[in-house]
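A short worksheet on the structure shown next.
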Amino acid sequence: MECQVTFVEATAMPARTVLVTGGAGYVGSHAVVQLLSQGHEVVVVDNLVNAPRGNDAASPLTECLRRVQEIAGKTLNFHQMDIMDRSQLDRVFACYSFDYVMHFAALKAVGESVEKPLLYYKNNVGGSITLLEAMKDHNVKKLIYSSSATVYGTPQKLPLTEDHPTGVNCTNPYGKSKYFVEEILKDLVTSDKEWRAVSLRYFNPVGAHESGLIGEDPQGVPSNLMPYIAQVAVGRRPRLQVFGDDYDTPDGTGVRDYIHIQDLAVGHLAAARKLLDPCFQGFRAYNLGTGSGLSVLQLVQAFEKASGRQVPYEVVGRRPGDIAYCYSSASLAKRELGWQAQKGVDEMCESVWRWQSKNPNGYRSS
Ligand code: NAD
Ligand code: WQD
């Protein structure tokens, strides 16, 4: 049967029951808002290893998930648990009848993964295998996986298309863990035709929900550019260090494809429609990016404009493992998912500033 590309309104999808691993984290929480807003039932499992509980330790929800409910005007189910714990997973699967799983749970600090490779492989690869085993035994064989542009390693050709080689020159255990799970998913769908998996390769997610209630809340010193800029602008850190201005780019600083978290979250709903389409089979990977790049200094300037604050910076040496350019071709997702990014850099910076200035200490009260 020939499958037509369908540009369906998000509201057209019937309500589903969705297991969201890592739903108390940055990307997952924004996706949960989308799911709840579209009327789906959401069950979040998260061990809170990288999600602060918040101010009210007695609350059954984290502060982030409480705010997710507030934004959506709906309730969710939350189980604090580790996806590596098979017996707890079994209990959750026994309680609900899931239509599919969105799998965000992972450790994501590149530098830490170099120091603690076993932890990263155990959590990200081992945790995914335990989840997949539980899904198989409970006959839930549909998965949306949080992958990353990092699986492409050093780009051989730009923009990065989904057929670019993966796994080659993946220089750190974090990136390899994302690649290995994609390979496991490919083998799984080959072994059993009932399995379906959509892997979403995020480029550089930034931004916050427009309410300013939820956003990125890194624990400790941010390793990513946007949260670092935001913490400088709000006065939590004195200045940004720009890692190198001698790359072969227009202003010498690294160029990345920043994508608004709201666009990314909507992309998950588009992926879910694909996953549930009866014509869809096997494994498919999609880039979620805007298709164009911004330099470090362009992002700093945009943030200064959005916030009306200065972002002092100093140029230091290159960060090991960094590349000059990384940006996506976003055309496959447009063609097959009917999705494309809508929000530009000004909206990205404005939303981060709204979140950061309303919540200078993130989810912890001041
Ligand atoms: P995050 O750390 O904010 O969220 C991940 C969540 O997973 C956290 O709440 C954490 O507590 C939870 N978690 C981790 N290990 C777990 C385990 N064993 N059991 C249960 N819960 C566990 O990170 P994020 O930025 O929201 O990333 C979500 C996903 O997207 C990850 O898989 C990450 O690799 C991927 N990704 C993120 C980015 C990015 O820049 N943020 C880019 C590309 C891909
Ligand atoms: C962006 C640019 C830096 C911080 C990382 C992971 C990747 C993915 C997304 C999960 C680069 C420069 C940064 C700073 C700076 N995550 N920079 N000063 O490195 O593109 O990707 O996050 O999958 O796997 O590697 O993002 O935000 O760290 O850096 O000058 O303090 O900003 O050199 O050019 P990156 P980033």
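Here are the numbers:
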quantity: 104, 180 arranged by Cβ crowding within 10 Å, fewest neighbours leading; calculated: 180, 104
quantity: Fraction of antiparallel bridges per DSSP, the chain only, in percent to nearest 5; calculated: 5 percent
quantity: Neighbourhood net charge (14 Å Cβ-Cβ; Lys/Arg +1, Asp/Glu -1) for residue 221; calculated: +1
quantity: Cα-based reach from residue 305 at 14 Å (exclusive), listing aspartates and glutamates while leaving out same-chain residues under 8 positions away; calculated: 346, 347, 350
quantity: Options 312, 81, 285, ranked by Cα towards positive dipole end of segment 17-364, top entry (Cβ charges); calculated: 81
quantity: Relative contact order (%) - the chain, alpha-carbon pairs under 8 angstrom, separation at least six; calculated: 19 percent
quantity: Protection proxy ranking, peptides 22-35, 70-83, 294-307, average beta carbon neighbours within 10 Å, highest first; calculated: 22-35, 294-307, 70-83
quantity: Set of aspartates and glutamates near residue 136 by C-alpha distance (under 12 Å), chain-local residues within fewer than 8 positions excluded; calculated: 90, 192, 194
quantity: Helix-derived mean residue ellipticity, 222 nm - over the chain, DSSP H n ≥ 4, -39500 (n - 2.57), to 500; calculated: -10500 deg cm²/dmol
quantity: Within-10-Å neighbourhood charge of residue 52 [Cβ basis; K, R +1; D, E -1]; calculated: 0
quantity: Charge context of residue 364, other residues only, Cβ under 10 angstrom, K/R +1, D/E -1; calculated: -1
quantity: 16 Å Cα-Cα reach of residue 334 towards lysines, excluding residues that sit fewer than 8 places from it in its own chain; calculated: 274, 343
quantity: Cα centre as origin, Lys/Arg/Asp/Glu Cβ charges: segment 17-364 dipole, Debye; calculated: 200 debye
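Each value in this text was obtained by applying a stated rule to the coordinates, not by laboratory testing. This one's a predicted model, so the numbers in the text were calculated from it and none came from an experiment. Every residue, glycine as well, gets a Cβ built from its backbone with ideal geometry; the counts of neighbours run over all protein chains shown.
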